Amino acid sequence: MLPESGDVQVRAGAEADLGALTALYNHYVRETSITFDTEPFTPEQRRPWLLSHPEDGPHRLLVAQEAGTAAAGAGPGASGTGSLLGYATSSAFRPKAAYAPSVEVTVYCAPHAVGRGIGTLLYRALFEALATEDVHRAFAGVAQPNEASHRLHTRFGFRHVGTYTEVGRKFGRYWDVAWYQKDLGAG
């Protein structure tokens with residue numbers, strides 16, 4: 001089990017979380033430009049994504065949940081005893097073999113959990129887990145504007161390495177994506 005902070009538990013994501021994870025992500029699909037997906041997913045459509053993040057290795061899925069509370073509002077399939085507050089992932093950066101020591105990271109917080117330090121807690125646990133893996137660089141793409149995400153990534157030692165301008169179209173307009181890079185331990 002990963003570290004706990006007060007009433008929040010961080011642990012590896014599991015199959016039982018699929019419904020709650022899908023519901024959380026769909027909020028961002030429908031309501032924000034944070035993701036460039038434009039159509040909500042069913043849990044079955046998200047299953048391959050979930051299965052691409054095992055409990056160990058460089059590609060991980062960590063979830064934060066309230067400890068010891070009813071799962072009300074957690075969505076169907078929620079694991080454990082508390083509601084889902086957010087998740088963080090490290091995923092393949094690109095599919096070609098030479099990119100293997102690089103990962104793309106992301107963090108999503110439930111709307112009711114924004115501003116509570118959940119993103120910080122998740123990233124801290126994720127980077128602690130990645131410290132034992134053969135990972136050299138972590139990258140994060142942040143749709144603009146997003147000052148909160150900029151602050152989070154800067155706090156974790158990411159540096160801005162460039163911006164793709166008007167790279168995605170959603171809600172009838174074009175969006176920029178700022179790219180951040182964090183140097184990790186693997187040589």
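The values are calculated or read from the model by the stated rules, or taken from the named source; none is laboratory data. Remember, predicted model here, so these are calculated numbers, not experimental data. Positions of Cβ are generated from backbone atoms using ideal geometry, with glycine treated the same way; all protein chains shown enter the neighbour counts.
Okay, here's what the table says:
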| item | result |
| --- | --- |
| Number of the exception - ASP183 against (1) farther than 20 Å from ALA92 by Cβ; (2) charged (D, E, K, R); (3) more than 14 Å from the chain's Cα centre (by Cα) | (1) |
| Per-region count, the range 112-137, residues outside any helix (DSSP H, G or I) and within 18 Å of THR35 (Cα to Cα) | 1 |
| Tally of residues being of a type in the set (Gly, Ala, Ser) and closer than 23 Å to ILE118 by Cα across the range 129-187 | 10 |
| Subset of the range 147-172 that is part of a loop (DSSP other than H, G, I, E, B) and surrounded by fewer than 17 Cβ atoms within 10 Å (Cβ to Cβ) - its residue that is nearest to the chain's Cα centre (by Cα) | GLY157 |
| Residues within the range 116-136 that are in contact (Cβ under 8 Å) with a residue 40 or more places away in the chain, under 14 Å from VAL8 (Cα atoms) and touching a Phe, Trp or Tyr at 6+ places or on another chain (Cβ under 9 Å), tallied | 2 |
| Meets criteria (crowded, with 22+ Cβ neighbours inside 10 Å, small (Gly, Ala, Ser) and in contact with a Lys or Arg (Cβ under 6 Å, 6 or more places away or on another chain)) for ALA110 | no |
| Subset of the range 113-128 (residues that are closer than 20 Å to SER91 by Cα, within 14 Å of the chain's Cα centre (by Cα) and either surrounded by fewer than 22 Cβ atoms within 10 Å (Cβ to Cβ) or hydrophobic (A, V, I, L, M, F, W, C) (or both)) | ILE118, THR120, LEU121, LEU122, ARG124, ALA125, LEU126, PHE127 |
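Yes/no matrix, rows are residues, columns are (1) part of a strand (DSSP E or B); (2) more than 30 Å from GLU147 (Cβ to Cβ); (3) at pLDDT 95 or above:
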{"site": "LEU2", "(1), (2), (3)": "no, no, no"}
{"site": "ALA20", "(1), (2), (3)": "no, no, yes"}
{"site": "ALA23", "(1), (2), (3)": "no, no, yes"}
{"site": "TYR28", "(1), (2), (3)": "no, no, yes"}
{"site": "THR35", "(1), (2), (3)": "no, no, yes"}
{"site": "ARG47", "(1), (2), (3)": "no, yes, yes"}
{"site": "PRO54", "(1), (2), (3)": "no, yes, no"}
{"site": "PRO76", "(1), (2), (3)": "no, yes, no"}
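Residue by residue, here is whether (1) touching a His at 6+ places or on another chain (Cβ under 6 Å); (2) within 13 Å of LEU62 (Cβ to Cβ); (3) modelled with pLDDT of 95 or more holds:
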{"residue": "PHE93", "(1), (2), (3)": "no, no, yes"}
{"residue": "ALA97", "(1), (2), (3)": "no, no, yes"}
{"residue": "PRO101", "(1), (2), (3)": "yes, no, yes"}
{"residue": "CYS109", "(1), (2), (3)": "no, yes, yes"}
{"residue": "HIS112", "(1), (2), (3)": "no, no, no"}
{"residue": "GLY115", "(1), (2), (3)": "no, no, no"}
